[in-house]
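To start, the structure itself, in C-alpha cells.
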Amino acid sequence: MKRLLILLIFNVQCSIFNVLFAQSEVPAPHNIFARDVTSLNGDWHYFADPQEQGYYDYRMNKTRWGYFLDAKPQRPSDLIEYSFDKSPTMRVPGDWSTQDPMLYLYEGTVWYRRTFDLPPAPSKGGGDDRVLLYFGAVNYEAIVFLNGKELGRHVGGFTPFCYDVTDVLRKGQNTLVVKVDNKRHADNVPTRVFDWWNYGGITRDVLLVRVRDTYIEDYTLQMASKQLQGVAFSVSLNRGVEGREITLSIPELKVRKTLKTDAEGHASLTLPKLKPQLWSPDNPKLYKVTISLDDQTISDEVGFRVIETRGRELLLNGKPIFLKGICMHDESAYTSHRITTKAEADTLLSWAKAIGCNFIRLAHYPHNELTVREAERQGILLWEEIPVYWTISWDNPQTLDNARRQLTDLIRRDHNRCATIIWSIANETPHSDARDRFLSALASHARSLDNTRLISMAMEVTSASNYVNRLHDNMHQYVDVVSFNQYVGWYRDVADAPKMTWEVPYEKPVIVSEFGGGALAGMHGAEDQRWTEEFQARVYRENLEMLSKIQGLAGTCPWVLKDFRSPRRLLPGIQDHFNRKGVVSDQGKRKQAFQVLHDWYNKK
Ligand code: GCU
C-alpha cells in the first residue's frame, strides 16, 4: 500500500511539474534589444514534416522518435528516419517561403534545430541569474523544445513570446528544436483567407536573455496628459517585490529620479513641470534614457508627443495635422521576403519619405520592431494593426483570446514608441452583431492597456447610390478615428470618381485607409487600359480629387507602397503572384501614380 501511495504522489508531482514546465512562458521583457542578449540567429537545420509525424505519432503511440528529441542511432541496427545533422540549413530569422524553392507555396510543419553552448554568466552575475528564450515572431504556430522538453506552444505569427529556460539549460551543448506550422485555419487570426503571402517560419530574432531573478519587465515613459508639459513614468518588475530601488535618468533633461517599488513590484512618478522638446515628423526628437535596478541598466531612446482628436480634427502636440500616408506590408524591396534587417526597413521608409509621407499604415499585422524604431527615428507616424482581417470566427472565444493576446503583445512591445499613434483592431470585417461584440471587446482591451493612443479600424464602403457613398458602421462609437477602405475606380465605378460624394456622419476625424489600383510597372497605354501605369495614375488623380471633398478628412493611406506577393494574384505576365497596386514595383521602379501622390501631398 505504502509503495502505491509513494508512486501516486510521484505521479501527481510529475504532472504538476510537466504543467509548470509547459507553462514556462513569461511576458517578453520590454525593449528586448537593450537587455543582456545572446543571439541564436544564424543557420538552423530544418526539414518539412507535412504529416507532422514527428509530433503526433510520438504523442499518440510513441512508436517513433519525436523529432524534438533529435535522436541519433546508438547501435548499427537502430532505426531513426530523420536527421537534423544531415538536413539542409536556412537562415533564422527569415521566412522559409523564399529560402527554399520546395517551400515557396508550402503550408504545413517545418522542424528547425540549432544547438548552442550556454553563454558564460557575467562575472558579477551571482547565483540568481535567470535565462529567458525570446522569439521575435514565428508564423503561425510554434511548439518549442529545449533538450527534449516541451517548453510551450504559441500561436500568432507576428508578435514576440518568451520562455524561462533557466532550469532546462545544460552546461555545454543545448539542443533547441522548434516545430513551426503555418497552416491556415478558419478559427485563426488571420483566418483562412488573406491577401498577402503566408510566409512561414521563424521570421524574427531568436535570443537568449540573461536576467536577474528580479528584473525590470516593463516600463512606460510618456507625456503625463494631453498638456504639452509633464512626463509620467511607470515601471514593473517581473515579480511582486517591495522596496526595490529604481533609478530613471534622462540626462539631457537633467532628470535623475529614484523610486521604490510597491508590493506588486510597481513604481511610478510624474514630473509635472518637465517640458521636453516634443517629437514630430518635422523634429523627431528622441531622448536617451536609462532605467536601472541595482546593477541592471536598460537604455532606451524615447520621444515625447501628444496625439488627440478634437471633433473632426486630428491634433499632434496641440496642432491639427493631416496624415500624408501610404500602406505597407512587412516585405522587403527587391527580394520580397519578410523584413529582418534595419537596412531592409530603411529602404521602404525612404521610398515613403520620397513620396512626401509623414504617416505609414503598417498593414495588416504587427511589423518588425526594427521598422517601428526606424520610423520613429525618421519622424514617420505609424498606424499599427493586428490581423483581424475579413471573415474572422467572431463567435469563437478562443479566436477572441488569440486576437486579444496578439493585441496585448503588440502594445507591450511598442507602447513606448512615440511614432505609433493608432492601434487598429480590424480590416474590412463584414457587419454583424457578433463582429461588433468581438471588436468592441478588442477596442476596450486596447484602451485598458494604453489610453494615450487612438483606436481605429479599417471599415469598408462597398457601394454608392446615385453617386453618394455613405459610411455606416456601428463600430464608429468604439473608435477615435473613423477609417475606411474604398476602391472606386478599380473594383467598382471605374471612371466615376469625379461624380462621387461621400457622407461620413460621425463627429470624428476620417482617414481613408485604402484606395488605389494596380499597374504593371513599365506597361503603358490608354487611361482606360487596365494594368497600364496610365490607368493607375488616373485612379489616383480622380480619387485624390474626390476624397479631398470629405468633411473631416484627416488622412489618406493609398494601397500600397510596393507590389507584394499574394497567392490570390494569378494573372500570368501581369501579377505572377504579386499584387500590383504598389506605386513602386517590387524591383523599386516608380510608377506614374507615385508622382501623382507625391505632387498631391506636396501641395498639402
Ligand atoms: C483590400 C485589403 C488589402 C488587399 C487590397 C486589394 O482592401 O485590405 O489587404 O490587398 O484590398 O484588394 O489589393
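The values are calculated or read from the model by the stated rules, or taken from the named source; none is laboratory data. Everything numeric in this text was worked out from a predicted model, so none of it was measured. Cβ sites come from the backbone with ideal geometry, for glycine too, and all protein chains shown count toward neighbours.
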_Against the definition (within 16 Å of the ligand (Cβ to nearest atom), modelled with pLDDT of 95 or more and not assigned by TED's automatic domain parsing to the domain that holds Leu370), how does Gly157 come out, yes or no?_
yes
*asked:* Restricting to the stretch 478-495, name every residue that is more than 16 Å from the ligand (Cβ to nearest atom) and either basic (Lys, Arg) or modelled with pLDDT under 95 (or both).
replied: Ala495
*Tell me, which strands (runs of 3 or more DSSP E) lie completely within the stretch 237-343 with 3 or more residues that are without any contact (Cβ under 8 Å) to a residue 24 or more places away in the chain and under 30 Å from Lys589 (Cβ atoms)?*
none
*Among the strands (runs of 3 or more DSSP E) confined wholly to the stretch 371-487, which include 1 or more residues that are over 20 Å from the mean Cα position of the chain (by Cα)?*
454-460, 468-470, 482-485
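Condition test on Gly517, is it within 14 Å of the ligand (Cβ to nearest atom) and either of a type outside the set (Asp, Glu) or not in a helix (DSSP H, G or I) (or both)? Give the derivation first.
Working: within 14 Å of the ligand (Cβ to nearest atom): yes; either of a type outside the set (Asp, Glu) or not in a helix (DSSP H, G or I) (or both): yes.
Yes; evaluated as a whole, the condition is true for this residue.
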*May I ask you to say which residue of Arg580, Arg568, Arg530 is within 15 Å of the ligand (Cβ to nearest atom), of a type in the set (D, E, K, R) and surrounded by 21 or more Cβ atoms within 10 Å (Cβ to Cβ)?*
Arg580
*Restricting to the stretch 561-580, what's the tally of residues that are farther than 30 Å from Phe322 by Cβ, of a type in the set (A, V, I, L, M, F, W, C) and part of a loop (DSSP other than H, G, I, E, B)?*
3
*Identify all residues within the stretch 544-560 that are within 15 Å of the ligand (Cβ to nearest atom) and either modelled with pLDDT under 95 or part of a loop (DSSP other than H, G, I, E, B) (or both); write none if there are none.*
Cys557, Pro558, Trp559, Val560
*asked:* Let me spell it out: the conditions are (1) more than 24 Å from the chain's Cα centre (by Cα); (2) within 16 Å of the ligand (Cβ to nearest atom); (3) in a strand (DSSP E or B), and Trp502 meets all of them except one. Which number is the exception?
replied: (2)
*Do we have any residue at all in the stretch 363-378 that's surrounded by fewer than 19 Cβ atoms within 10 Å (Cβ to Cβ), without any contact (Cβ under 8 Å) to a residue 60 or more places away in the chain and under 18 Å from Leu323 (Cβ atoms)?*
no
*Set Glu384, Glu331: member being of a type outside the set (A, V, I, L, M) and either more than 16 Å from the ligand (Cβ to nearest atom) or over 24 Å from Ala593 (Cα atoms) (or both)*: Glu384
*Listed residues Lys254, Lys319; which is of a type in the set (Lys, Arg) and either surrounded by 17 or more Cβ atoms within 10 Å (Cβ to Cβ) or over 22 Å from Leu553 (Cα atoms) (or both)?*
Lys254
